[in-house]
1. Under a crude label model (7 Å from the Cα following the beta-carbon direction), how far is Ser96 from Tyr445 in nanometres?
2. Taking R0 as 45 Å, what FRET efficiency do you get between Gln323 and Asp381 from their Cβ-Cβ distance, rounded to the nearest 0.05?
3. Taking amide H atoms as placed 1.01 Å from N in the peptide plane, list the residues 5 or more away in sequence, or in a different chain, whose amide H sits under 5 Å from that of Ile436.
4. Suppose R0 equals 60 Å. What FRET efficiency, 1/(1 + (r/R0)^6) with r the Cβ-Cβ distance, do Arg169 and Glu431 give to the nearest 0.05?
5. When Ser254, Ser189 are ordered from fewest to most other Cβ atoms inside 10 Å of their Cβ, what list results?
6. Please work out the Cα center distance from segment 120-142 to segment 373-420, rounded to the nearest Å.
7. Of His183, His438, how do they rank once you tally other Cβ atoms within 10 Å and put the fewest first?
8. Quick one: of Lys145/Lys268; Lys269/Lys308; Lys240/Lys421, which pairs are farther than 29 Å apart, Cα to Cα?
Amino acid sequence: MLAPMAKPTNAALDKIQTYIGRGAAAAAEEEEGIEEKKEEEAPPPPKSVAPKLAKLLNRVADNFGGSGSVRRTAVSKVAPMAAAAICPLHGPVIKSGKNELVREYLQWLETQAKRADQFAVAVIYASAYGNTSAMAQAIARGITKADVAVEMLNCELSTSQEVAEVMARTEGFCLGAPTLGGHMPTPVSNALGTIVKEASREYPAGVFGSFGWSGEAVDLMESRLTDGGFKFAFEPIRCKFKPTQEMLQVCEESGTDLAQAVKKLRKKKAAAEQKDLAAGSTAATAGASDTAAAVGRIVGSLCCVTAKKEETQSAMLASWVSQASFNPPALTVAVAKERAVESFLLKGSAFNLNVLQAGNEKDVIKALLKPFAPGENRFGDMDVEISEANGCAVVTEALSVLECEVTDRMEAGDHWIVLAKVNEGKLLKEEGLTAIHHRKVGTSY
């Protein structure tokens, strides 16, 4: 959730670390030394403030299991006191494991920083009532799902120089704004001017925004970027009033499309660089090729995964499917992180696994592999029915259908391994064999 806000999170950790574990002890010792030197020079604090503050902090420490008392000398001595708890604006209050939590956040931030060093996408926005901000967050989630780093920037709180610095570090961007009085807010207009001046025309772009009545801001941003020679990774997203779950799904999928466009551009550049370099080691190339070919000989059954989240349906073609348990019957499905259906397969979610029939699978495969616009009906011309049990689609041309429930997930490189128990199964056709997917390399489906 906080990956798109890695820099502000890092700044917050810098403040927290002073009061956690060794950081608190070191700060206390340093403050003690300073106070001893300046004790005679420091003016006494107002009696009406310091004792009350110390008493209040002692009470807080006692409530959270803290020990010791706050001395009633200078108020500044209170600062290095070790934190008894971390109290975020939302979520649980952290009383124990504070050091471990901070350490893990530092590791996550380091990972995010390494991704950002490779390439990142900038999500620049302003928000009047929180609606455009919610859209920006959803787009950032979609970008992160594709394993691309995100830099979010609220241009209402940023300077033109900061916008220029962000654009210098990114290889793609999207800009969001509400419509106020038929126009985009001034901070967005200033940021747009900086983007047009500083950004490379190679960068894939996108625009989005919310509005109450007219929605001119999105049109203005689209027109300015089009005239500036930028190409869009997704169609402009317009949201009237508060974004629905369906609209947030469109935003998330659009973010994934933007990230994929950035990755495609990156691969194109890398391929061009490779042509300019001398040929590498033949042995190393052969070894890599042999490994890819060997992995590619693993076969899998062709299936259609269908899932539902609230009123939104989604589907994908799956070939990395395997039975995982006899009793209770369970299976695993490998899902690429950037797939739209990935967010439908969280723990506790329901989905259907439609096993395709050999010789009768081409129409289904064609329908599932065609490009989809964000929010578009994933089933296309496929003949489907809706299960009464879990509300997910059943492909009527399939050989069988398994109604499943996600029980666990495991991260595996660029995929999620979804473990699901089979609640119900039905054989749709008595005769027929399972469609099998044969590959020649293990580096693609």
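Values quoted throughout were computed directly from the atomic coordinates according to the rules given, and no laboratory measurement underlies them. Just so you know, these numbers come straight off a predicted model, no measurement behind them. Quick reminder, even Gly has a Cβ in these numbers, built from the backbone with ideal geometry, and neighbours come from all protein chains shown.
1. Using points 7 Å along Cα→Cβ, the separation is 4.5 nm.
2. That gives a FRET efficiency of 0.90.
3. Leu302
4. The value I calculate is 0.55.
5. So the residues, fewest neighbours to most, are Ser189, Ser254.
6. Taking the Cα centre of each part, segment 120-142 and segment 373-420 sit 28 Å apart.
7. The most exposed by this proxy come first: His438, His183.
8. Table pairs above 29 Å Cα-Cα are Lys269/Lys308; Lys240/Lys421.
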